[in-house]
1. R0 = 30 Å: FRET efficiency of A:Thr5 with B:Ala99, Cβ-based, nearest 0.05?
2. Please work out how much length the chain gains when fully extended from B:Glu50 to B:Leu84, using 0.36 nm per residue of separation minus the C-alpha to C-alpha distance, in nm with one decimal.
3. What are the equivalent ellipsoid semi-axes of chain B, built from the alpha-carbon gyration tensor (square roots of five times its eigenvalues), in whole angstrom, biggest first?
4. Hey, rough spin-label estimate for B:Gln17 and A:Ala78, points 7 angstrom out along Cα→Cβ, what's it come to in nanometres?
5. For region B:19-87, just the Cα set please: Rg and Dmax, both in angstrom.
6. For a Förster distance of 41 Å, can you work out the FRET efficiency between the beta-carbons of A:Ile110 and B:Lys71, rounded to the nearest 0.05?
7. Would you look at the GNM of chain B, springs on alpha carbons closer than 10 Å, and say which of B:Ile13, B:Ile26, B:Ile47 moves the most?
8. Once you've got the GNM for chain B with C-alpha springs shorter than 10 Å, pick whichever of B:Gly42, B:Gly72, B:Gly28 has the biggest mean-square fluctuation.
Amino acid sequence: KQEVTQIPAALSVPEGENLVLNCSFTDSAIYNLQWFRQDPGKGLTSLLLIQSSQREQTSGRLNASLDKSSGRSTLYIAASQPGDSATYLCAVITGNTPLVFGKGTRLSVIA
Amino acid sequence: EAGVVQSPRYKIIEKKQPVAFWCNPISGHNTLYWYLQNLGQGPELLIRYENEEAVDDSQLPKDRFSAERLKGVDSTLKIQPAELGDSAVYLCASSPGLAGGYTQYFGPGTRLTVL
């Protein structure tokens with residue numbers, strides 16, 4: 001059974017810092033991996049999707065990497081801003097199956 | 001293009017009452033998911049539809065939960081009777097399948113509070 005773990009569970013950083021969120025999964029036979037953002041009381045917003053054949057994806061200040069063989073992904077946020085404060089969720093999928101989510105990392109960026 | 005639409009956004013009911021949630025997926029998406037998200041946790045699947053067929057409902061508590069997807073478009077999730085432990089966020093997602101890399105698009109969710 002696929003299990004996804006996210007470390008740390010919570011993170012607080014001053015504005016302007018670069019930071020890394022970690023995600024690991026137990027079964028490397030994934031089709032893709034997605035990083036989501038969730039604001040309090042809101043739904044999920046997809047940030048980046050990495051196909052299993054890819055190593056990384058970039059969008060603005062966000063960069064996600066994937067090491068499928070070791071079962072790891074990282075989300076790098078450059079020059080963090082208070083508006084980045086949210087919960088970040090990592091999820092993996094194996095073909096046409098439900099996403100398996102981690103519990104998320106709750107990020108606070110302090111101005 | 002409109003995203004996944006869910007209603008209501010919030011619902012407060014007393015225990016033992018029935019409640020229903022509605023989801024309208026993105027047009028053309030054949031796959032529809034209902035996820036349950038408890039506080040501080042990631043979402044977990046309740047049921048998955050391919051068109052109008054429920055192909056994975058192993059996590060759906062069938063004694064009190066039911067779902068339908070008429071005509072393979074809109075879907076309704078029902079709880080009867082609701083229990084205190086059902087308080088959570090209910091998320092609907094849709095996917096275009098292989099053509100879209102199995103990407104799932106989520107609605108805003110329905111936050112249920114059972115008193």
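Values in this text are rule-based calculations from the coordinates and carry no lab data. Since the model is a prediction, treat every value here as computed from it, not as a measurement. Counting neighbours? That spans all protein chains shown, and the Cβs are built from the backbone with ideal geometry, glycine included.
1. It comes to 0.45.
2. Length gained, B:Glu50 through B:Leu84: 9.2 nm.
3. Details: eigenvalues 110, 40, 32 Å².
With the √(5λ) rule applied to chain B, the semi-axes are 23, 14, 13 Å.
4. About 5.1 nm, to one decimal.
5. Looking at region B:19-87, its Cα Rg and Dmax stand at 12.1, 36 Å.
6. Once rounded, the FRET efficiency stands at 0.25.
7. Per the Cα network of chain B with a 10 Å cutoff, B:Ile13 tops the list.
8. Sorting by GNM fluctuation, first place goes to B:Gly42.
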